[in-house]
Amino acid sequence: MAPRSLEPIFLLMIVVVSVVPVTVKAAYSSIHEVLKSHGLPAGLFPESVKSYNLDQRGVLEVHLDRPCMAKYENRVLFETVVRANLSFGHLKGLEGLSQEELFLWLPVKDIIVDDPSSGLILIDIGFAHKQLSLSLFEDPPICRSQGISMKMAGRKSIGFQDQR
Ligand SMILES: *[C@@H]1O[C@H](CO)[C@@H](O)[C@H](O)[C@H]1NC(C)=O
């Protein structure tokens with residue numbers, strides 16, 4: 001039989017136990033939800049996004065811990081900060097994103113999904129447009145930092161002048 005004087009302690013324990021899970025902060029980043037709500041596939045950014053900011057003008061800034069590389073159809077390089085103007089179906093004026101094309105790293109300028117029912121996504125790399133299957137971008141990819149030289153990842157743009 002528990003003495004009555006211990007009851008407040010039991011009550012306190014119950015309160016503590018039920019409060020603790022609430023203070024565990026979810027590390028989940030909802031950038032992928034933001035993309036989906038703008039008619040874009042969640043996998044355009046890797047799962048390792050640290051944080052993001054979207055202002056009222058639609059300026060999106062996505063932060064990663066370090067530059068990293070992911071594989072879709074080709075390899076794509078994410079810099080530590082990726083910026084773009086976000087509107088429905090559009091990521092325009094991208095900065096901090098390049099993709100490999102025939103051994104060249106080309107900055108990606110725009111990513112557009114005009115008609116989701118077409119199953120196609122348009123990648124604009126300046127002088128060329130590529131149409132790819134939306135399904136390539138469905139799930140956030142794993143993005144790896146190994147093997148990326150910091151010098152390369154720190155450049156504003158990586159283009160022809162870097163090739164010899
Ligand atoms: C992105 O948005 C900013 C602020 O609204 C604007 O000044 C800039 O011209 C836009 N850039 C592109 C490429 O749309």
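The values are calculated or read from the model by the stated rules, or taken from the named source; none is laboratory data. All values derive from a computational prediction rather than experimental measurement. Ligands, DNA and RNA are stripped out before the accessible areas are found, and what is left, the full protein with its side chains, is counted by its heavy atoms. Shrake-Rupley method; radii C 1.70, N 1.55, O 1.52, S 1.80 Å.
Give me the percent of accessible area attributable to carbon and sulfur for the range 36-126, probe 1.4 angstrom. Don't jump to the answer; show the numbers that get you there.
Working: 2150 of 4330 Å².
Using a 1.4 Å probe with all protein chains present, the range 36-126 comes out at 50 percent carbon and sulfur.
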For this session: Using the Karplus curve 6.51 cos²θ - 1.76 cosθ + 1.60 with θ = phi - 60°, work out ³J(HN,Hα) for each residue of the range 101-108 in order, rounded to whole Hz, and write x for Gly and Pro.
Result: 9, 6, 6, 10, 9, 10, x, 7
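Rounded, prolate or oblate for the range 102-144? Axes are the square roots of the Cα gyration tensor eigenvalues, ordered a ≥ b ≥ c, and the cut-off for rounded is a/c under 1.5. Before the final figure, lay out each step's value.
Working: a/c = 2.29, a/b = 1.18, b/c = 1.95.
The shape class here is oblate.
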Exercise. Per residue, how much accessible area does the range 38-158 have with a 1.4 Å probe, in Å²?
Worked result: 53
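Using heavy-atom solvent-accessible surface (probe 1.4 Å) with all chains present, what is the largest-first order of Val81, Val49? Provide the component values of the computation, followed by the final result.
Details: Val81 45, Val49 10 Å².
Correct descending sequence by accessible area is Val81, Val49.
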